[in-house]
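**Student:** Input: one structure, supplied below.
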Amino acid sequence: MREPGRNASEILAHARRSARKQDEFYRGGFHFIAVWDHILESQCAHVTNAGGDADTECSRCLFERSLSLPELPEMVFPKNTLTIDFTQFPGCSINFNALDALEMVSDNTLPEVQVAPSSVWQESRQGITNKMAHPFDWTFTSRYAGSVHGCTIESSDETIDLERLKRQEPIGFYAQVTLYEDELADHGTAQMSVRLRVMPDFFFVLMRFYLRIDRVLVRVCDTRLLGDNGKDYMIREWSLREAKVADLEHLVSVTLNYTSRYAS
């Protein structure tokens, strides 16, 4: 039964607000904020006032207005975010969010997937013909490396010590946030997600775009971010790796799904 004095839009808006979850953690001069919220609406969900006017712009309209992509991933989490603030430098932060990530997906060129000779691919193309009508990167590959605010970005020879990340240390705070995901018309998967772990004397972030086109291609774009307690800078690295599945068939065992082993 509908509550007296509340229309359907207000009830739906209340349900969405109830789905929101936020975790925070402080350590070593950093403030970590992880937010999880509902999936992007399939249609406009403006909240209207008594006069019939929209009070606020819904996430669906914001994404459609901000992006030129003819299609969005099947699952977009518009308000899922991970933010890291420098507590000693107000306004200085790095944030990871779906809108900024999708802004870096090409909206006018097809993906650089060199698989034309593949009979498997020729068959699978029939399932994504609608995505070819308006050329865009239907794999949703993004070179997004995070949104930096109030900080200076500089080139550096300093790198992240991967051996350090393998040490078994107590984790003070952990968060995993999905930004968007698509099943490529049942021919694979594309997912952008970000993970954070806070150790006793440092934190580490891995944001990964993982693409798998079944029996054709695997691609991984990684952003690694590391910050030491008490330091006034972070180290950020970005990398891209990809391979045709045919080139991996000689391996005894190949794990193509996105699993927790990628978190280091």
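The values are calculated or read from the model by the stated rules, or taken from the named source; none is laboratory data. Owing to the predicted nature of the structure, the values given are computational and were not obtained by experimental measurement. Reconstructed Cβ throughout: ideal geometry from the backbone, glycine too, with neighbour counts over all protein chains shown.
**Student:** Residue 70: part of a loop (DSSP other than H, G, I, E, B) and either modelled with pLDDT of 95 or more or within 26 Å of residue 208 (Cα to Cα) (or both), yes or no? Can you show your working first?
**Tutor:** Working: part of a loop (DSSP other than H, G, I, E, B): yes; either modelled with pLDDT of 95 or more or within 26 Å of residue 208 (Cα to Cα) (or both): yes.
Yes.
**Student:** Another one. If you check residue 174 against the conditions, is it under 18 Å from residue 205 (Cβ atoms), hydroxyl-bearing (Ser, Thr, Tyr), assigned to a loop (DSSP other than H, G, I, E, B) and at pLDDT 90 or above?
**Tutor:** On the way: under 18 Å from residue 205 (Cβ atoms): yes; hydroxyl-bearing (Ser, Thr, Tyr): yes; assigned to a loop (DSSP other than H, G, I, E, B): no; at pLDDT 90 or above: yes.
So residue 174 does not fit the description; no.
**Student:** In the stretch 173-192, which residue that is more than 10 Å from the chain's Cα centre (by Cα) and hydroxyl-bearing (Ser, Thr, Tyr) is nearest to residue 75 (Cα to Cα)?
**Tutor:** Selected residue: 189.
**Student:** Failed condition for residue 220, given (1) more than 19 Å from the chain's Cα centre (by Cα); (2) surrounded by fewer than 18 Cβ atoms within 10 Å (Cβ to Cβ), with all others met?
**Tutor:** In the conditions (1) more than 19 Å from the chain's Cα centre (by Cα); (2) surrounded by fewer than 18 Cβ atoms within 10 Å (Cβ to Cβ), residue 220 misses (1) alone.
**Student:** Just to verify a result, which residue in the stretch 223-255, among those that are surrounded by 15 or more Cβ atoms within 10 Å (Cβ to Cβ) and either among the hydrophobic types (A, V, I, L, M, F, W, C) or closer than 25 Å to residue 182 by Cβ (or both), is modelled with the lowest pLDDT?
**Tutor:** 245
**Student:** Now for a separate question. For the list (1) at pLDDT below 95; (2) closer than 24 Å to residue 40 by Cβ; (3) of a type in the set (Gly, Ala, Ser), I need the number of the one condition that residue 142 fails.
**Tutor:** (1)
**Student:** Quick check on residue 136: is it surrounded by 11 or more Cβ atoms within 10 Å (Cβ to Cβ) and within 19 Å of residue 99 (Cβ to Cβ)?
**Tutor:** Values: surrounded by 11 or more Cβ atoms within 10 Å (Cβ to Cβ): yes; within 19 Å of residue 99 (Cβ to Cβ): yes.
The answer is yes for residue 136.
**Student:** In addition: Whether any residue in the stretch 196-214 is in a loop (DSSP other than H, G, I, E, B), closer than 20 Å to residue 142 by Cα, modelled with pLDDT under 95 and not β-branched (Val, Ile, Thr) is what I want to check. Please lay out each step first, then the result.
**Tutor:** To start, the set of residues in the stretch 196-214 that are in a loop (DSSP other than H, G, I, E, B) comprises 199-201, 214.
From what is left, the residues that are closer than 20 Å to residue 142 by Cα are 214.
Retained after the next criterion (residues that are modelled with pLDDT under 95): 214.
Now narrow it down to the ones that are not β-branched (Val, Ile, Thr): 214.
Looking through the stretch 196-214, at least one residue is in a loop (DSSP other than H, G, I, E, B), closer than 20 Å to residue 142 by Cα, modelled with pLDDT under 95 and not β-branched (Val, Ile, Thr).
**Student:** Turning to a different aspect of this structure: Restricting attention to the stretch 100-134, which residues are modelled with pLDDT under 80 and part of a loop (DSSP other than H, G, I, E, B)? Break it down into steps so the answer makes sense when it comes.
**Tutor:** Going residue by residue through the stretch 100-134, those that are modelled with pLDDT under 80 are 112-134.
Within the stretch 100-134, 112, 113, 114, 115, 116, 117, 118, 133, 134 meet the criteria.
**Student:** Which residues, taken from the stretch 160-182, are among the acidic types (Asp, Glu) and in contact (Cβ under 8 Å) with a residue 60 or more places away in the chain? Let's see the steps before the verdict.
**Tutor:** Our first condition is that a residue be among the acidic types (Asp, Glu); within the stretch 160-182, this holds for 161, 163, 169, 181-182.
The answer is 181, 182.
**Student:** Looking at the stretch 140-195 only, could you name the residues that are surrounded by fewer than 19 Cβ atoms within 10 Å (Cβ to Cβ) and on the phi > 0 side of the Ramachandran plot?
**Tutor:** Matches in the stretch 140-195: 150, 185, 186.
**Student:** Let me ask something additional. Go through the stretch 142-165 and give me each residue that's under 24 Å from residue 180 (Cβ atoms), part of a loop (DSSP other than H, G, I, E, B) and touching a Ser or Thr at 6+ places or on another chain (Cβ under 8 Å). Before the answer, list the steps.
**Tutor:** To start, the set of residues in the stretch 142-165 that are under 24 Å from residue 180 (Cβ atoms) comprises 142-149.
Cutting the leftovers down to part of a loop (DSSP other than H, G, I, E, B) gives us 142-146.
Answer for the stretch 142-165, where residues must be under 24 Å from residue 180 (Cβ atoms), part of a loop (DSSP other than H, G, I, E, B) and touching a Ser or Thr at 6+ places or on another chain (Cβ under 8 Å): 144, 145, 146.
**Student:** Which of the residues that make up the stretch 8-56 are at pLDDT 75 or above, over 30 Å from residue 89 (Cα atoms) and surrounded by 13 or more Cβ atoms within 10 Å (Cβ to Cβ)?
**Tutor:** Looking only at the stretch 8-56, we keep the residues that are at pLDDT 75 or above, and these are 19-44.
Still in the running and over 30 Å from residue 89 (Cα atoms): 19, 38-44.
Within the stretch 8-56, 38, 39, 40, 41 meet the criteria.
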